[in-house]
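Asks: Please see the structure below; I have some questions.
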């Protein structure tokens with residue numbers, strides 16, 4: 001590496017504010033874990049742009065949850081859907097698949113230790129319509 005660059009890196013010092021240690025109290029940590037346990041990370045399988053506000057409004061309407069679901073854009077196309085009740089989360093998982101503008105929404109249950117990156121989706125629910133099937 002360039003020695004001048006390395007020298008400049010070694011001279012970098014944190015300000016007092018940047019070096020401050022943030023302490024997360026056990027009670028808040030448990031509350032945060034509880035909130036996450038009622039959430040579903042999800043993403044739309046698309047590379048095309050789409051209207052996120054319209055998407056959020058449509059999902060709230062389709063799920064009939066209004067403000068009982070918080071939809072947080074985590075970045076890189078990933079969303080966190082946070083629910084008030086376990087029954088709401090279960091209903092959303094069991095009544096899919098969900099899509100918007102022909103883009104499938106993949107969801108998975110939040111697990112302890114999961115981070116925003118990378119979240120992998122290994123299952124995609126699909127509907128199959130049979131026409132004229134006789135048994």
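Read the figures in this text as sums done on the coordinates, not as results from a lab. Because the structure is predicted, anything quoted here is derived from the model rather than measured. Cβ: placed from backbone, ideal geometry, glycine included. Neighbour counts: every protein chain shown.
Asks: So how much slack lies between residue 129 and residue 103, counting 0.36 nm per residue of separation and subtracting their Cα-Cα distance, in nm?
Replies: 7.5 nm
Asks: What span do the alpha-carbon atoms of segment 40-122 cover on each of the three principal axes, reported in whole Å from largest to smallest?
Replies: Computed over the Cα atoms, the extents are 32, 31, 19 Å.
Asks: Another question, if that's okay. What FRET efficiency, computed as 1/(1 + (r/R0)^6) with R0 = 22 Å and r the Cβ-Cβ distance, is obtained for residue 93 and residue 61, rounded to the nearest 0.05?
Replies: Efficiency, rounded to the nearest 0.05: 0.75.
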